[in-house]
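K.L.:
Quick one: structure below, then a few questions.
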Amino acid sequence: MPVDFSGTWNLVSSDNFESYMLALGIDFATRKIAKMLKPQKVIEQEGDSFSIQTTSTFRSYFVQFKIGEEFEEDNKGLDHRKCKSVVTWDNDKLVCVQTGDKKNRGWTHWIEGDQLYLELRCEDQVCKQVYKRA
Ligand code: VLP
């Protein structure tokens with residue numbers, strides 16, 4: 001059975017998010033607000049098609065993609081920097097490479113037990129987040 005990321009997930013922990021935001025060039029005031037947030041992710045997975053809605057009281061972000069198909073990502077409401085993104089499987093992990101102005105930008109999602117993990121990468125910074133099923 002392939003892994004199914006579908007569901008509603010609530011943030012329970014976030015490590016090094018501040019440095020990740022700094023690497024993305026997020027300004028001080030925005031970082032102070034953003035680090036207090038407890039975003040919720042709603043993921044829909046149908047075959048190789050995904051949508052990920054990340055919602056918070058401050059900003060929200062929506063992305064949809066098909067595995068292996070490059071798409072233009074606008075990062076609206078985040079750092080607003082456009083990039084070319086592609087998501088592939090690495091065994092049961094979802095790996096996104098975001099090619100643009102920032103080196104080494106991307107993220108990885110995986111599931112362990114009833115927890116969703118997210119590693120966010122930008123330049124030399126890695127943020128690790130854990131989400132629990134709502
Ligand atoms: C910007 C950096 C906080 C901080 C300011 C706004 C959206 C994988 C992937 C799917 C992400 C999330 C990236 C978060 C970057 C914050 C607003 C927080 C809520 O998720 O699930 O897009 O890349």
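Since every read-out is calculated from the coordinates, none of them should be taken as a lab result. For clarity, every value in this text was computed on a predicted model and none was experimentally measured. With ideal geometry, Cβ positions are generated from the backbone for all residues, glycine too; neighbour counts draw on all protein chains shown.
K.L.:
On a straight-distance basis, which aspartates and glutamates could pair with Lys82 in a cross-link, Cα separation under 18 angstrom, same-chain partners fewer than 8 positions away excluded?
P.N.:
Asp27, Glu69, Glu70, Glu72, Glu73, Asp74, Asp101, Glu123
K.L.:
Still on this structure: Rounded if a/c is under 1.5, else prolate if a/b beats b/c, else oblate: with a ≥ b ≥ c from the C-alpha gyration tensor eigenvalues square-rooted, which is the chain?
P.N.:
oblate
K.L.:
List the pairs from Lys76/Lys103; Lys35/Lys102; Lys38/Lys128; Lys84/Lys132; Lys41/Lys128 whose alpha-carbon separation is above 23 Å, in the order I gave them.
P.N.:
Lys84/Lys132
K.L.:
I'd like to know how region 1-53 sits against the 2.2 N^0.38 Å rule of thumb: what's its Cα Rg over that expected value?
P.N.:
Dividing the Cα Rg of region 1-53 by 2.2 N^0.38 Å gives 1.45.
K.L.:
Label points 7 Å out from Cα along the Cβ direction at Asp114 and Thr99: separation in nm?
P.N.:
Result for the modelled spin labels: 4.1 nm.
K.L.:
May I ask you to derive the relative contact order of the chain, considering only C-alpha pairs under 8 Å and at least 6 residues apart, and to give it as an integer percent?
P.N.:
Over the chain, the number comes to 26 percent.
K.L.:
In whole angstrom, note down how far apart the Cα centers of region 62-85 and region 1-38 are.
P.N.:
If we compute the Cα centre of each part, the gap is 16 Å.
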